[in-house]
Amino acid sequence: MSLKQEIAPNGVLRFAINVGNGVLTEYDTQTGKVGGITVEIARDIARKIDLPCELVIYNSARKVVEDATRNIWDIAFIARDANRANAISFTEPYILIEANYLVRKGAPFHTNKDIDQPGIKIAAGKGAAYELYLSRNLKHAKIIHTDGRLSVTDMFLEHNLDVAAGIRQSLENAAATHKNLRVLDQPFMAIEQAMATPKMNSDISAHINNYVQTALKTGFITRLRDQFGKSQVKIPTTQ
């Protein structure tokens, strides 16, 4: 079987693009135009293999994971997490994104340890990589999931919760808009953004992992980060 047939038996290479991640994607809701780091990587992979590129648009990583066994996408851009590994094979990470806490300026929270206390309620997106991490690691604080209608910040404000958890860049944007909010300096985790294939197509995982390693070594990922002005994200070091 050829590489093309192995990776895209339908003749089209289908990429799951999560436009809910504003660090890695740019999405115009009026025109439907999508761009950003992951879109450029998808097009580069398809071009190298000489296959048509199809973008399958999602609004959340949770939906991408749910479709992993439904033959809807061939390759996805999604954060690595042990809870997702049953359905998905992951490459090495190609970008690291910090996850932080957002609080009110007068709140008595200064370190991450201050957050995990009895009675503290944290707004978080259900199924997001950082939410999966918090669900495993928090011992006392309670997670309040967003309902799909409100963003994490809106849920935090509208329901008068104690803390919002999320991607640092999004929280810093919220703090810039709402002057009574601040982001804790110390991230509580580094989200490992990776490429992924459905477990049932795990044979192609090695090909995609080789692509990631090459893209890191040649500086392609770094150039994309700089092109889209995402200097806050970190690029993993390669051996």
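The values are calculated or read from the model by the stated rules, or taken from the named source; none is laboratory data. The model shown is predicted, which means the values in this text are computed figures rather than measured ones. Because the Cβ atoms are built from the backbone with ideal geometry, glycine has one as well, and the counts that use them run over all protein chains shown. In case anyone asks, the SASA skips ligands and DNA or RNA and just uses the protein heavy atoms, side chains included. Shrake-Rupley method; radii C 1.70, N 1.55, O 1.52, S 1.80 Å.
Does the stretch 104-111 contain at least one residue that is surrounded by fewer than 16 Cβ atoms within 10 Å (Cβ to Cβ), among the hydroxyl-bearing types (Ser, Thr, Tyr) and modelled with pLDDT of 90 or more? Yes, there is a match, as at least one residue in the stretch 104-111 is surrounded by fewer than 16 Cβ atoms within 10 Å (Cβ to Cβ), among the hydroxyl-bearing types (Ser, Thr, Tyr) and modelled with pLDDT of 90 or more.
Residue 89 falls short on exactly one of the conditions (1) under 23 Å from residue 6 (Cβ atoms); (2) assigned to a strand (DSSP E or B); (3) within 14 Å of the chain's Cα centre (by Cα), and that condition is (3). Scanning the stretch 1-23 for residues being open to solvent by 50 Å² or more (accessible area, probe 1.4 Å), among the aliphatic types (A, V, I, L, M) and over 22 Å from residue 69 (Cβ atoms) gives a total of 1. Within the stretch 192-219, residues that are under 25 Å from residue 67 (Cβ atoms) and in contact (Cβ under 8 Å) with a residue 24 or more places away in the chain sit with their Cβ atoms under 8 Å from residues that are among the β-branched types (Val, Ile, Thr) and open to solvent by 20 Å² or more (accessible area, probe 1.4 Å), at 6+ positions apart or across chains, in these pairs: 198/69; 199/69; 200/69. Would you point out the residue of the stretch 117-132, among those that are open to solvent by 30 Å² or more (accessible area, probe 1.4 Å) and part of a loop (DSSP other than H, G, I, E, B), that is modelled with the lowest pLDDT? Going through the qualifying residues, I end up with 126.
Counting the residues of the stretch 57-72 that are within 14 Å of the chain's Cα centre (by Cα) and at positive phi gives 0. Taking the criterion of being among the β-branched types (Val, Ile, Thr), over 17 Å from the mean Cα position of the chain (by Cα) and closer than 22 Å to residue 25 by Cβ, the residues of the stretch 181-217 that qualify are 183, 208. Restricted to the stretch 195-226, and to residues there that are modelled with pLDDT of 95 or more and of a type in the set (Gly, Ala, Ser), the residue that is surrounded by the fewest Cβ atoms within 10 Å (Cβ to Cβ) is 219. So which residues in the stretch 26-48 are of a type outside the set (Asp, Glu), touching a strand residue (DSSP E or B) at 6+ places or on another chain (Cβ under 7 Å) and open to solvent by 10 Å² or more (accessible area, probe 1.4 Å)? Scanning the stretch 26-48 gives 27, 34, 35, 43. Cβ-Cβ contacts under 9 Å between residues 6 or more apart (or on different chains), taken from a first residue in the stretch 147-169 that is under 13 Å from residue 122 (Cα atoms) to a second residue that is of a type in the set (D, E, K, R) and part of a loop (DSSP other than H, G, I, E, B), are listed as 155/147; 155/149; 156/162.
Residue by residue through the stretch 224-239, note down the ones that are within 15 Å of residue 42 (Cα to Cα) and either of a type in the set (Phe, Trp, Tyr) or over 18 Å from the mean Cα position of the chain (by Cα) (or both).
If the condition is that a residue be within 15 Å of residue 42 (Cα to Cα) and either of a type in the set (Phe, Trp, Tyr) or over 18 Å from the mean Cα position of the chain (by Cα) (or both), then no residue fits.
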